[in-house]
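Comments concern the structure below.
We did not get these values from a lab; they are worked out from the coordinates using the rules stated. What you see is a predicted model; the values in this text were computed from it and never measured. Neighbour counts run over all protein chains shown; Cβ positions are idealised from the backbone, glycine included.
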Amino acid sequence: MGDDGDYALHSPYEAVNAKVMHIHDSGWAIAEERRGVRAGCIRIYDTAGYAPEKLRKIMHDADIEVVGAMGRKSKNIAERDGMRLDIVAGVIDKSILMALCGKRCLIPTNGGMVEHAMKRISDYVEKSGIWINVGVVGEGS
């Protein structure tokens, strides 16, 4: 998988986002036009090779919308460099939920947590049958 923030274009999952405008007594509903939402992506960044300019480029190229840091080192980096954190607890599960809503997520973490996050997300994909574009970025830094 590339470093880009591609949506899960080959996913059979597509959430439907529609607002119910009125429900008749007979049970029929009038809803606004339905809009499909494709699953987004999750990128995992190993902070062991952290370089601020490299991470900013990855975030820009992947059009990252949600950032959730795992581990003290990653949270310290975010605080020191002024990176906004949208998720600080339950990062993997919340990132999966955000990706299901069509968001492109980044999880800065390091060490064994990189593999742990990949495994947890891959397990979710396998069990649910909902494909989420997931990959590790910035390796070999």
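Between residue 29 and residue 53, the simple label model (points 7 Å from Cα in the Cβ direction) yields a spacing of 5.2 nm.
Residues in region 57-64 carry Karplus couplings, in order, of 5, 4, 5, 5, 4, 8, 6, 5 Hz; the curve used is 6.51 cos²θ - 1.76 cosθ + 1.60 with θ = phi - 60°, and Gly or Pro positions show x. The stretch between residue 79 and residue 101 holds 5.3 nm of extra length on full extension. This uses 0.36 nm per residue minus the Cα-Cα distance. The string of couplings for region 97-109 from the Karplus curve (6.51, -1.76, 1.60, θ = phi - 60°) is 4, 5, 5, 5, 8, x, 8, 9, 10, 10, 10, x, 7 Hz, one whole number per residue in order, with x for Gly and Pro.
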